[in-house]
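The values are calculated or read from the model by the stated rules, or taken from the named source; none is laboratory data. In this text, all values refer to a predicted model and were calculated from it rather than measured experimentally. Cβ placement follows ideal geometry from the backbone for every residue including glycine, while neighbour counts extend to all protein chains displayed.
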Amino acid sequence: MKNKENNNACVHCGADCGKEPVMWNDLHFCCNGCLTVYQLLNENKLYNYYKLEETPGIKVETTEFGNKYAFLDNEEVKQKLISFTEGSISKVRFFIPVIHCASCIWLLEHLQKLHSGVKHSFVNFTKKEVDITFDESQITLRQLVELLSSIHYIPDLSQSLSDKKDDKSYKKLLYKIGLAGFVFVNVMTYSLPAYFNGEPLSDKLQTLFNILSYILVIPVTFYSGNDYYISAFKNLVKKNISIDLPIALGIIVLFGVTTYEVISGLGPGYSDSLSGLIFFLLVGKWFQSKTYEALSFERNYKSYFPIAVTKINKQVEESILLERIDVDDVLLIRNKELIPADCELLEGDARIDYSFVTGESTPVTKKAGDFIYAGGRQMGGIIRIKVKKEVNQSHLTKLWNQDATYHKPSDTLKTLSDRISKYFTLIVIAIGIAGFTFWMLKGETHTAVFVFTAVLIVACPCALALSIPFTFGNTMRIFGRKGLYIKNTDVIEKLSHINTIVFDKTGTLTQPNQNVVGYSGETLSEAESEAVFSLTKQSTHPLSEALNQFFNNLTYRAPEHFVEVAGRGIFGKVNNMEVQIGSEEYVTGQTKPSAKKSSTVFVSINGKQKGHYTISNQYRNGLSEVLKTLKSQFGLYLVSGDNDAEAGNLSTYFNSQHLLFNQKPGDKADFIKNLQSKGNTVLMTGDGLNDAGALMQSDVALTIADKAYHFSPASDAVLEAGQFHRLAAFIRFTHTSLRIVKMAFIISFCYNIVGISFAISGNLSPVVAAILMPISSVSVVAFATFVTRLAGQMRLK
């Protein structure tokens with residue numbers, strides 16, 4: 001662990017241990033709680049916890065919990081809290097109010113180190129929520145809550161059990177504003193004679209007003225303004241400088257000087273300025289929250305993933321949008337498609353991969369009548385399900401946003417913003433102290449106090465910090481309305497840095513539902529054709545769908561078994577016939593040079609090669625314009641698992657050395673890794689079926705989605721197939737968003753420079769500074785929001 005400058009400081013939390021420290025291995029601890037959590041972290045080798053901040057310590061309650069959480073053993077209570085359970089694996093979400101810093105996030109996302117029963121945990125910092133996936137055979141829900149409580153992250157179970165929004169903090173803010181407003185009005189009334197140069201008051205009356213004003217301002221200072229002190233103190237304990245520190249300093253200085261002047265009888269102090277300052281700070285906080293709420297770019301499920309799923313309507317299959325799915329609808333789910341809603345299995349062999357939900361990739365076998373949770377992926381043949389709950393796309397998008405299968409580097413712009421904000425506060429305090437010293441040396445105490453306070457209040461990096469999420473958030477909202485769905489705001493900046501684009505061909509550049517199919521070889525009997533049709537119906541691969549449409553007038557026979565091998569083909573048993581369909585190498589075991597100008601799918605039945613289907617590609621609308629535009633700005637590559645039949649057509653848009661065919665899924669990922677090793681920032685564009693490895697390897701992964709509900713969790717963005725012609729415009733707009741963020745940075749800096757200049761010259765009172773501070777933040781956020789929306793309307797028509 002780290003050395004302490006104070007030899008009597010607690011090794012865990014940094015507090016002074018007093019005269020009787022708790023000792024262990026010659027180390028000092030302030031209490032048994034800190035000793036317990038230190039031992040817990042040490043035993044589990046969580047040394048990095050102490051590297052996050054200088055004193056990140058979290059107190060541990062060592063008292064026994066007894067039966068406090070016994071109610072969590074009740075099955076009815078457990079069902080209300082647990083959002084997912086399959087076998088022994090369960091998932092729960094807790095609201096934990098005390099989450100407040102990087103150390104909190106780090107420790108809560110490493111709970112698996114504290115108990116092997118915890119499989120995965122994810123913190124939503126802004127909502128103070130943690131999602132935990134755990135194994136109930138190793139740790140029960142009650143034990144999980146006791147584990148969290150033991151490290152002082154006590155879940156608010158009443159809110160976790162309730163769907164109602166917690167508005168206690170909002171009401172508390174209104175109470176504080178009410179108190180501050182009442183005092184401000186009364187103190188200003190007592191100060192009116194002095195403001196309007198009326199008849200001078202007698203010494204006794206003036207003294208009485210001064211004392212009354214001071215008494216009234218005490219609860220305002222210690223109740224209405226306490227959030228600023230608490231936040232500043234907690235961050236200082238962690239040796240972190242927050243924006244609340246200068247505000248707290250300003251309030252404390254005004255109150256201290258006022259106390260001295262009133263008690264000593266030297267003057268009225270600054271009761272009017274102090275009450276007005278806190279009142280307008282709180283009103284500004286309320287105004288900011290309401291403005292940000294009005295400018296919210298939060299996406300709802302109706303604008304997200306408008307991709308169709310197959311519904312069985314009176315024995316007829318039809319594609320419908322997810323938002324049109326109703327309870328009791330019967331849906332058809334193919335291989336690798338996601339389950340869009342909680343449902344009951346009606347028919348078929350379900351092998352559900354819940355890795356999207358739990359991180360566990362082992363498929364779970366389900367039988368008719370079993371319950372299946374939304375977010376699972378079918379890994380076998382066709383199944384029919386009956387919807388039991390309304391489709392909840394917000395659930396699916398949360399899973400997508402929280403998918404932790406891989407992590408990519410954080411964006412540099414946000415890092416820059418965080419770095420600027422960190423030093424900004426220290427610089428502002430230094431300027432305030434310099435101004436205070438200057439005016440004190442001139443003998444103007446009143447001006448010195450006002451200058452110090454005004455500088456601390458008027459300067460605020462909030463606008464700087466908020467310009468990124470509001471600009472990129474609104475960009476996500478604009479893209480969503482146009483058919484491009486972004487995983488999170490980090491993807492926007494990553495897209496702006498792309499210099500290389502790698503395309504898959506089948507299902508990405510080509511349209512799966514518009515093909516010309518021909519057949520060469522031994523004529524298939526009707527039973528054999530039905531077997532081929534029934535097998536291809538299980539798969540969502542574009543070539544399988546092309547064959548499925550070609551045979552759509554035949555009778556469907558449910559396969560006895562079905563397997564799909566990514567990038568190669570499918571095989572199964574239908575009507576006692578072993579059918580194998582796929583590439584020449586997969587079906588025949590050999591590859592011959594081909595002069596065919598189309599995709600080729602070979603067929604083998606009962607081990608005998610029957611022939612092959614040729615599928616002529618139909619390219620997407622606007623492909624020529626899109627590729628020509630992109631070619632002038634990016635390095636373009638095509639990697640396809642298909643043969644080179646289309647090389648001649650595609651050479652118009654790609655350099656011949658940039659065209660790679662007969663590539664297996666692993667080859668695609670290796671190719672992207674090779675491009676990255678040469679310094680390229682790569683966007684991979686695929687259909688999400690056989691390209692998962694390549695998508696995960698790329699810097700930005702884009703899935704093209706047609707009418708089948710099979711977007712890939714590995715993707716950073718999903719583009720509706722009908723919006724493919726906008727691809728170049730979408731990428732260009734990320735550069736526009738980046739410029740808007742930089743403009744917002746400049747506006748924020750200019751505001752602070754001008755505000756501090758007025759404040760340090762003595763021409764800005766703390767009350768006016770308190771009014772200007774939230775207005776500056778709101779104005780910069782409003783600028784970022786509305787300019788982004790205006791640019792979207794102009795550039796993405």
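May I ask you to say which residue of T489, T506 is over 30 Å from T365 (Cβ atoms), crowded, with 17+ Cβ neighbours inside 10 Å, without any contact (Cβ under 8 Å) to a residue 60 or more places away in the chain and in contact with a Ser or Thr (Cβ under 9 Å, 6 or more places away or on another chain)?
Exactly one of T489, T506 is over 30 Å from T365 (Cβ atoms), crowded, with 17+ Cβ neighbours inside 10 Å, without any contact (Cβ under 8 Å) to a residue 60 or more places away in the chain and in contact with a Ser or Thr (Cβ under 9 Å, 6 or more places away or on another chain), namely T489.
Quick check on the stretch 751-762: of everything there that is surrounded by fewer than 20 Cβ atoms within 10 Å (Cβ to Cβ) and at pLDDT 85 or above, which residue is nearest to the chain's Cα centre (by Cα)?
Going through the qualifying residues, I end up with I753.
Per-residue answers, yes or no, for (1) among the hydroxyl-bearing types (S, T, Y); (2) touching a residue at least 24 places away in the same chain (Cβ under 8 Å); (3) closer than 26 Å to I704 by Cα:
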| position | (1), (2), (3) |
| --- | --- |
| T536 | yes, yes, yes |
| H541 | no, yes, yes |
| F551 | no, no, yes |
| H561 | no, yes, no |
| G582 | no, no, yes |
| G607 | no, yes, no |
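Helices (runs of 4 or more DSSP H) wholly in the stretch 522-603 with at least 2 residues that are among the hydrophobic types (A, V, I, L, M, F, W, C) - which ones?
The helices (runs of 4 or more DSSP H) meeting that bar are 526-536, 542-550.
Condition check ((1) in a strand (DSSP E or B); (2) under 16 Å from H541 (Cα atoms); (3) at pLDDT 80 or above; (4) of a type in the set (A, V, I, L, M)) across all residues:
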{"residue": "F654", "(1), (2), (3), (4)": "no, no, yes, no"}
{"residue": "K668", "(1), (2), (3), (4)": "no, no, yes, no"}
{"residue": "F671", "(1), (2), (3), (4)": "no, no, yes, no"}
{"residue": "M684", "(1), (2), (3), (4)": "yes, no, yes, yes"}
{"residue": "L689", "(1), (2), (3), (4)": "no, yes, no, yes"}
{"residue": "T703", "(1), (2), (3), (4)": "yes, yes, yes, no"}
{"residue": "P713", "(1), (2), (3), (4)": "no, no, no, no"}
{"residue": "L719", "(1), (2), (3), (4)": "yes, no, yes, yes"}
{"residue": "Q723", "(1), (2), (3), (4)": "no, no, yes, no"}
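For A728, indicate whether it is farther than 25 Å from G250 by Cα, buried (at least 22 other Cβ atoms within 10 Å of the Cβ) and within 28 Å of the chain's Cα centre (by Cα).
no
What single numbered condition from (1) in contact (Cβ under 8 Å) with a residue 60 or more places away in the chain; (2) closer than 18 Å to T510 by Cα; (3) among the aromatic types (F, W, Y) fails to hold for F671?
All conditions are met except number (2).
Any residue in the stretch 346-374 that's among the acidic types (D, E): show its pairings with residues that are assigned to a strand (DSSP E or B) and modelled with pLDDT of 85 or more at Cβ separation under 7 Å, as long as the two are six or more apart or on different chains.
E347/I383; E347/R384; D370/L345
Are there any pairs with C-beta distances below 8 angstrom linking a residue in the stretch 422-445 that is more than 18 Å from A769 (Cα to Cα) to a residue that is polar (S, T, N, Q) and surrounded by 13 or more Cβ atoms within 10 Å (Cβ to Cβ), with the two at least 6 apart or on different chains, and if so which?
W439/T445; W439/T447
Could you grab me the full set of residues in the stretch 758-797 that are over 30 Å from L484 (Cα atoms) and in contact with a Ser or Thr (Cβ under 6 Å, 6 or more places away or on another chain)?
G762, P766, V767
Yes or no, residue by residue, for (1) over 22 Å from G755 (Cα atoms); (2) buried (at least 24 other Cβ atoms within 10 Å of the Cβ); (3) in contact with an Asp or Glu (Cβ under 6 Å, 6 or more places away or on another chain); (4) at pLDDT 85 or above:
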position	(1), (2), (3), (4)
F450	no, yes, no, no
V458	no, yes, no, no
P461	no, no, no, no
F472	yes, yes, no, no
R477	yes, no, no, no
G480	yes, no, no, no
G483	yes, no, yes, no
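Check the stretch 631-643 and report whether any residue there is aromatic (F, W, Y) and part of a loop (DSSP other than H, G, I, E, B).
The answer is yes; a qualifying residue exists.
Evaluate the following for F438: is it aromatic (F, W, Y), part of a helix (DSSP H, G or I), modelled with pLDDT of 85 or more and out of contact with any Lys or Arg (no Cβ under 6 Å at 6 or more places or on another chain)?
yes
Go through (1) buried (at least 19 other Cβ atoms within 10 Å of the Cβ); (2) closer than 17 Å to G507 by Cα; (3) among the basic types (K, R) for K610 and report which single condition fails.
Failing condition for K610: (2).
Name every residue in the stretch 202-231 that is outside any helix (DSSP H, G or I) and either within 13 Å of P268 (Cβ to Cβ) or at pLDDT 80 or above (or both), in order of residue number.
Result: G225, single match.
Inside the stretch 763-793, can you point out the residues that are over 33 Å from the mean Cα position of the chain (by Cα), part of a helix (DSSP H, G or I) and surrounded by fewer than 21 Cβ atoms within 10 Å (Cβ to Cβ)?
Across the stretch 763-793, the qualifying residue is only V768.
Could you pull out the residue among I457, I501, I478 that is within 19 Å of the chain's Cα centre (by Cα) and touching a residue at least 12 places away in the same chain (Cβ under 8 Å)?
Going through I457, I501, I478 in turn, just one is within 19 Å of the chain's Cα centre (by Cα) and touching a residue at least 12 places away in the same chain (Cβ under 8 Å): I478.
Among the listed residues Y619, Y637, Y613, identify the single one that is under 41 Å from the mean Cα position of the chain (by Cα) and modelled with pLDDT of 85 or more.
The match here is Y637.
Only one of these conditions is not met by A647: (1) small (G, A, S); (2) in the same structural domain as H725 (by TED's automatic domain parsing); (3) farther than 28 Å from I498 by Cα; (4) touching a strand residue (DSSP E or B) at 6+ places or on another chain (Cβ under 6 Å). Which number is it?
(3)
Name the residue that is surrounded by the most Cβ atoms within 10 Å (Cβ to Cβ), counting only residues in the stretch 567-587 that are at pLDDT below 90 and over 46 Å from the mean Cα position of the chain (by Cα).
Result: N575.
Any idea which residue in the stretch 187-201 is farthest from F279 (Cα to Cα), counting only those that are modelled with pLDDT of 65 or more and surrounded by fewer than 17 Cβ atoms within 10 Å (Cβ to Cβ)?
L192
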